[in-house]
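Below is one structure; the comments refer to it alone.
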Amino acid sequence: MSVSNLSSMIDRYLARYPEEQSVGQKFLDLLTLYPDCFERNCKFGHITGSAWLVDPDEKSVLLTHHKKLKKWLQLGGHSDGVKDVLAVATREAVEESGLEVVALDAEIFDLDVHKIPERGIFPAHYHFDVRFTFRSLSRAFSVSEESIDLEWVPIGDIHTRSTDESVLRLKTKWLDRF
């Protein structure tokens, strides 16, 4: 995948969600202004890939209690130079859960830009998160070093685990599919 492929994916996403032009434009600006935006050493911010990972019955989503951010979030992580964001999201879902996963759609499910606070020698910066939907082939996960814990949370009950606005938006988008 190339930068132009990601730009095209973002254009298609914005055609489905025209009310999100502002966030989409932030991504397009990043891709134009920062050629190194797929590397975590891009100081302004960088592209990340995330997974909305549902169980085999598609009734629960796997959330991670993120070790560094101390919040319940979807699985995901840095691109580390990989420009194929669907591949990044897939890699992160597998690495962080130990599960075998299948992408439900090759199109972007959600876009989010959020600030990562300064931590030690790492200055504050932005994550430009590209999110995709996946289904797990089982429920038997393993917790990686990046998480305090993982939990299958019934989609309707996500608010009991996470109050993060972007996670709640993922829930709404998922439920609005039907």
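The values are calculated or read from the model by the stated rules, or taken from the named source; none is laboratory data. These figures come from a predicted structure and were not determined experimentally. Heads up, the Cβs are rebuilt from the backbone with ideal geometry, glycines too, and the neighbour counts pull from every protein chain shown. When the accessible area is computed, the model is the full protein with side chains, heavy atoms only, and any ligands, DNA or RNA have been set aside. Shrake-Rupley method; radii C 1.70, N 1.55, O 1.52, S 1.80 Å.
Could you please let me know if residue 70 is in a strand (DSSP E or B), open to solvent by 40 Å² or more (accessible area, probe 1.4 Å), among the basic types (Lys, Arg) and farther than 18 Å from residue 6 by Cα?
Working: in a strand (DSSP E or B): no; open to solvent by 40 Å² or more (accessible area, probe 1.4 Å): yes; among the basic types (Lys, Arg): yes; farther than 18 Å from residue 6 by Cα: yes.
No: the conditions fail for residue 70.
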* Cβ pairs under 6 Å, 6+ apart, first in segment 37-61 and under 14 Å from residue 133 (Cβ atoms), second part of a loop (DSSP other than H, G, I, E, B) and of a type in the set (Lys, Arg) -> 55/139
* To do: Write out, first by first residue and then by second, each pair whose Cβ atoms fall under 7 Å of each other, whose residues are 6+ apart or on separate chains, and whose first residue, in segment 10-36, is without any contact (Cβ under 8 Å) to a residue 12 or more places away in the chain and outside any loop (DSSP other than H, G, I, E, B) while the second is open to solvent by 70 Å² or more (accessible area, probe 1.4 Å) and not aliphatic (A, V, I, L, M).
  => 14/21
* To do: For segment 118-169, enumerate the residues that are surrounded by 13 or more Cβ atoms within 10 Å (Cβ to Cβ) and assigned to a loop (DSSP other than H, G, I, E, B).
  => 141, 143, 144, 146, 161, 162, 164
* Among the residues of segment 47-55, is any aliphatic (A, V, I, L, M), open to solvent by 60 Å² or more (accessible area, probe 1.4 Å) and modelled with pLDDT of 95 or more? -> no
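With respect to residue 101, is the statement that it is within 21 Å of residue 6 (Cα to Cα), among the β-branched types (Val, Ile, Thr) and in contact with a Leu (Cβ under 8 Å, 6 or more places away or on another chain) true? Steps first, please.
Details: within 21 Å of residue 6 (Cα to Cα): no; among the β-branched types (Val, Ile, Thr): yes; in contact with a Leu (Cβ under 8 Å, 6 or more places away or on another chain): yes.
The answer is no for residue 101.
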* Across segment 73-90, what is the number of residues that are surrounded by 20 or more Cβ atoms within 10 Å (Cβ to Cβ) and either farther than 24 Å from residue 165 by Cα or of a type in the set (Gly, Ala, Ser) (or both)? -> 4
* Cβ-Cβ under 7 Å pairs, at least 6 apart or on other chains, segment 81-110 side farther than 11 Å from residue 53 by Cβ, far side of a type in the set (Asp, Glu) -> 81/39
* To do: Taking the options 131, 139, 135, name whichever one is closer than 30 Å to residue 22 by Cβ, among the charged types (D, E, K, R) and out of contact with any Lys or Arg (no Cβ under 7 Å at 6 or more places or on another chain).
  => 131
* Kindly establish whether residue 16 is in contact with a His (Cβ under 6 Å, 6 or more places away or on another chain) and open to solvent by 30 Å² or more (accessible area, probe 1.4 Å). => no
* Taking residue 58 as the residue in question, decide whether it is closer than 30 Å to residue 150 by Cβ, at pLDDT 95 or above and not hydrophobic (A, V, I, L, M, F, W, C). => yes
